[in-house]
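Novice: Here's a structure for you.
The values are calculated or read from the model by the stated rules, or taken from the named source; none is laboratory data. Keep in mind that this is a model prediction, so the values were computed, not measured. All Cβ positions, glycine included, derive from the backbone under ideal geometry; neighbour counts span all protein chains shown.
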């Protein structure tokens with residue numbers, strides 16, 4: 001079992017960060033995507049994400065709590081980090097001193113690589129995503 005949790009603080013309002021994550025159908029803040037198609041709406045919706053040179057990702061929203069700022073989603077397989085049966089949670093926490101913290105965690109199974117490599121791949125991907133979010137918040 002691969003378990004990863006990455007945290008980062010942002011000098012931004014928690015609700016501004018939450019707005020980016022909560023709009024599951026809009027990931028235009030991720031650079032270099034070819035296409036995003038949405039199937040359904042709300043809990044159970046699926047976004048089909050096409051990126052250059054990668055198999056299509058089929059990401060399903062499993063739960064969303066706007067009050068607690070929690071998003072749960074799952075992906076059958078993530079080829080670029082070499083995992084399968086991926087289940088993730090993104091949690092936004094407002095900080096008393098201002099700003100917010102994003103805690104992104106997941107568990108999955110390694111797919112064709114060691115658990116250590118799948119963990120390293122996933123951590124590197126989360127760090128990249130955190131950077132994209134930081135860029136989106138600064139616009």
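Novice: Can you tell me which condition residue 19 does not meet? The list is (1) over 13 Å from the mean Cα position of the chain (by Cα); (2) more than 19 Å from residue 121 (Cβ to Cβ); (3) in contact (Cβ under 8 Å) with a residue 12 or more places away in the chain; (4) not in a strand (DSSP E or B), and all the others hold.
Specialist: (3)
Residue-wise test of (1) in contact with a strand residue (DSSP E or B) (Cβ under 6 Å, 6 or more places away or on another chain); (2) loosely packed, with under 14 Cβ neighbours inside 10 Å; (3) part of a loop (DSSP other than H, G, I, E, B); (4) modelled with pLDDT of 95 or more.
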residue	(1), (2), (3), (4)
55	no, yes, yes, no
59	yes, no, no, yes
71	yes, no, no, yes
77	yes, no, no, no
102	yes, no, no, yes
106	yes, no, no, yes
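Novice: Further question: Between a residue in segment 80-94 that is within 12 Å of residue 5 (Cα to Cα) and any residue that is buried (at least 19 other Cβ atoms within 10 Å of the Cβ), which pairs come within a Cβ distance under 6 Å, given they are 6 or more apart or on different chains?
Specialist: 88/73; 88/106; 90/21; 90/71; 90/104
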